[in-house]
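Peer 1: Before we start, here is the structure in question, set down as structure tokens.
The values are calculated or read from the model by the stated rules, or taken from the named source; none is laboratory data. Keep in mind the model is a prediction, meaning the values are calculated, not measured. Positions of Cβ are generated from backbone atoms using ideal geometry, with glycine treated the same way; all protein chains shown enter the neighbour counts.
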Amino acid sequence: MRPYVEEIEINLLRVGPDGAIAGQPLVRALAAHGVDTVFGTPRTRRLPAYRHLHGFGVRHVSMRREQAAVHAAYGHARVAGRPGVCLLASGTPTLDAMGAVAQAYRDSVPLLLVSCGGGQGISAQAAAMGAVTGHAHRVASVAEIPVAVAQAFAAMTSGRPRPVHIEVPADLSEPLGAAPPVTPIRLAVPAARDEDLDAAADLLSAAERPVIVAGGGTREAGNELRAVAERLGALVVTTAGGKGVIWDDHPLALGAGTHLRTVHDLVEQADAVLVVGSELAPSDLWNGPLPLYGRLVRIDLDPEQIVTGAVPEVAVVAGAAQALRGLFERLDERVGGVPSALDGELDPVDDKERDQIRDEWRRRKRAESRAEGAQWLELVDALAAVLPRDAVVVSGAAASSAYGVLANLPAYHPGAFLYGDATAGFGLPAAVGAKVAAPCAPVVALLDEHGAMSALTELAAAAALALPLPVVVTGGAESQGGDGHPDAVWMSGRPSADLAAAAEAMGCRGRRVTAPEAGAEVMRAFGADRPTLIWVTA
């Protein structure tokens with residue numbers, strides 16, 4: 001079903017009779033909802049809302065392109081744990097950001113895009129943006145602005161997180177009037193039904209070989225997920241969005257990589273599978289769907305999504321943390337931490353044999369992951385040797401990420417890996433947003449050469465912020481049509497520009513290193529007074 005769309009249109013250009021700018025109610029409403037940072041590209045003087053940001057304690061972070069501003073707001077949202085906000089001119093600049101908004105929609109990231117009336121209007125803009133947002137509202141007066149903002153935040157923070165779009169017309173003609181902020185709307189997360197949790201616990205407690213698949217919906221439920229896995233003795237595999245929700249050195253963790261054949265085989269032999277907070281989308285299962293027929297339990301906040309991709313025997317519609325807590329309590333009553341035989345048909349497996357089986361699955365998964373990512377293992381291992389457990393790795397659409405980092409670089413917390421593969425320029429601006437949200441956290445951007453060239457201008461934005469941000473760029477070409485095919489079309493190869501020199505020209509440090517040297521260079525970059533582009537060329 002298509003998301004509900006009712007466009008918010010706010011005129012930030014109109015001056016009231018007292019000389020006040022109508023942008024003030026917007027900024028005041030944002031501040032009332034806890035917004036302290038917005039991202040944007042203030043390339044026009046006709047955006048008066050900007051003059052009110054400082055007065056309400058809202059920091060503006062200037063990016064160089066509109067799409068990059070939205071990606072930065074995405075990274076900020078993921079690390080800060082609250083909606084990211086982006087302020088753009090309406091018209092062409094807003095449409096330029098559509099791909100980035102679509103990334104946030106697909107990844108269920110709460111993000112508010114406000115497009116102000118400073119650009120050339122496009123009549124179809126509302127309809128176009130409606131396709132990649134989950135909620136919007138149209139106002140007819142300045143006084144409605146704070147109401148619209150409250151509704152937008154309610155939409156982003158209840159149910160499944162989605163981006164929201166606010167657009168600006170140029171025809172509000174009334175005086176400014178009073179527009180006090182509206183108290184934030186607090187909506188309760190749907191609670192799981194007792195009968196659904198009972199059915200889920202009955203099915204899972206009877207299993208000898210349970211498996212858990214955890215998606216991005218478990219990012220706020222890591223402790224609960226781990227408790228359920230330990231109670232069941234279930235191996236846990238995650239999607240890219242769920243990477244790190246259970247630390248990778250936990251005895252029950254298989255890490256990320258739901259596309260792998262080993263994971264397919266593991267799920268096929270399971271006698272119960274619990275899928276939590278995952279769409280089971282092709283973006284995570286690019287080698288085909290998992291064999292989730294039979295004894296499947298799904299937990300998801302979205303009642304429509306819970307039957308998409310695979311229909312469960314038991315569906316629990318609720319937030320992951322609350323549902324997993326309820327499930328854990330019921331499992332504790334039923335199995336006390338020791339899985340029982342399945343209807344007497346199987347002999348109970350003793351703990352030693354069970355541990356050996358788990359170790360074999362981990363060995364198989366590691367072997368397949370490293371074989372798939374062999375081209376990038378030198379770099380991945382160099383990073384793994386130096387990155388602290390609280391590191392945040394931000395990566396875009398690159399083979400080095402999908403095949404090298406995703407299933408091979410360890411993660412130890414739910415925000416350890418931010419991955420955006422919808423557009424080529426995600427990694428660098430999203431890393432800027434993440435670093436702004438957590439200035440003391442060790443944040444690393446990991447790009448391929450194509451992604452670096454796509455977002456090269458954002459090095460200037462990072463330099464202006466004086467961020468100690470390592471930007472690791474991997475070499476290597478990628479093609480469509482097969483490397484050995486005579487008609488293969490190459491997406492990226494050795495760039496004509498010297499990336500290290502380009503970084504220096506934009507106020508950053510530039511280094512050209514081999515893969516084994518990258519780890520030490522990343523550590524030096526953490527202590528620098530500006531970003532460092534680390535170009536891994538051999």
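Peer 1: Identify, please: which residue in the stretch 56-91 is under 18 Å from the mean Cα position of the chain (by Cα) and part of a strand (DSSP E or B) and is, among those, nearest to Glu167 (Cα to Cα)?
Peer 2: The extreme case among them is Cys86.
Peer 1: Output the number of the condition that Ala321 fails; it satisfies all remaining conditions of (1) buried (at least 24 other Cβ atoms within 10 Å of the Cβ); (2) in contact (Cβ under 8 Å) with a residue 40 or more places away in the chain; (3) outside any loop (DSSP other than H, G, I, E, B).
Peer 2: Going through the list (1) buried (at least 24 other Cβ atoms within 10 Å of the Cβ); (2) in contact (Cβ under 8 Å) with a residue 40 or more places away in the chain; (3) outside any loop (DSSP other than H, G, I, E, B), Ala321 breaks only (1).
For (1) within 26 Å of the chain's Cα centre (by Cα); (2) crowded, with 24+ Cβ neighbours inside 10 Å, each residue gets a yes or a no:
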{"position": "Leu197", "(1), (2)": "no, yes"}
{"position": "Glu208", "(1), (2)": "no, no"}
{"position": "Val213", "(1), (2)": "yes, yes"}
{"position": "Arg226", "(1), (2)": "yes, no"}
{"position": "Val237", "(1), (2)": "yes, yes"}
{"position": "Ala240", "(1), (2)": "yes, yes"}
{"position": "Pro251", "(1), (2)": "yes, no"}
{"position": "Thr258", "(1), (2)": "yes, yes"}
{"position": "Gln269", "(1), (2)": "no, no"}
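Peer 1: Does Ala100 satisfy the condition of being outside any loop (DSSP other than H, G, I, E, B), at pLDDT 80 or above, closer than 28 Å to Leu428 by Cβ and hydrophobic (A, V, I, L, M, F, W, C)?
Peer 2: Yes: the conditions hold for Ala100.
Yes/no matrix, rows are residues, columns are (1) in a loop (DSSP other than H, G, I, E, B); (2) acidic (Asp, Glu); (3) without any contact (Cβ under 8 Å) to a residue 60 or more places away in the chain; (4) crowded, with 22+ Cβ neighbours inside 10 Å:
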position: Pro282; (1), (2), (3), (4): yes, no, yes, no
position: Asn287; (1), (2), (3), (4): yes, no, yes, no
position: Pro291; (1), (2), (3), (4): yes, no, yes, no
position: Val297; (1), (2), (3), (4): no, no, no, yes
position: Asp302; (1), (2), (3), (4): yes, yes, no, no
position: Val316; (1), (2), (3), (4): no, no, no, yes
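Peer 1: Would you check which residues across the stretch 273-299 are at positive phi and in contact with a His (Cβ under 8 Å, 6 or more places away or on another chain) and list them?
Peer 2: Result: Gly288, single match.
Peer 1: I've got another one for you. On the basis of being in contact with a Gly (Cβ under 8 Å, 6 or more places away or on another chain), more than 26 Å from Glu372 (Cβ to Cβ) and either in contact (Cβ under 8 Å) with a residue 12 or more places away in the chain or surrounded by 23 or more Cβ atoms within 10 Å (Cβ to Cβ) (or both), does Arg231 make the cut?
Peer 2: Yes: the conditions hold for Arg231.
Peer 1: Next question, about the same structure. Counting only residues that are under 23 Å from the mean Cα position of the chain (by Cα), modelled with pLDDT of 95 or more and not charged (D, E, K, R), how many does the stretch 291-315 have?
Peer 2: 1
Peer 1: Return the residue satisfying two criteria in turn: it lies in the stretch 368-377 and is without any contact (Cβ under 8 Å) to a residue 40 or more places away in the chain and not basic (Lys, Arg), and of such residues it is farthest from Val443 (Cα to Cα).
Peer 2: Ala371
Peer 1: Hey, another quick one. Scan the stretch 378-396 and report the pairs whose first residue is of a type in the set (S, T, N, Q) and whose second residue is not in a helix (DSSP H, G or I), with Cβ atoms within less than 6 Å and a gap of 6+ or a chain change.
Peer 2: Ser395/Tyr419; Ser395/Leu446
Peer 1: Kindly state which strands (runs of 3 or more DSSP E) lie completely within the stretch 186-257 and contain at least 2 residues that are out of contact with any helix residue (DSSP H, G or I) (no Cβ under 8 Å at 6 or more places or on another chain) and not assigned by TED's automatic domain parsing to the domain that holds Ser108.
Peer 2: Counting at least 2 such residues, we get 253-256.
Peer 1: If you don't mind, another one. Consider His264 carefully, then state whether it is outside any loop (DSSP other than H, G, I, E, B) and not hydrophobic (A, V, I, L, M, F, W, C).
Peer 2: So His264 fits the description; yes.
Peer 1: May I pose another question? Within the stretch 454-466, how many residues turn out to be out of contact with any Leu (no Cβ under 8 Å at 6 or more places or on another chain) and not in a loop (DSSP other than H, G, I, E, B)?
Peer 2: Looking only at that region, the number is 5.
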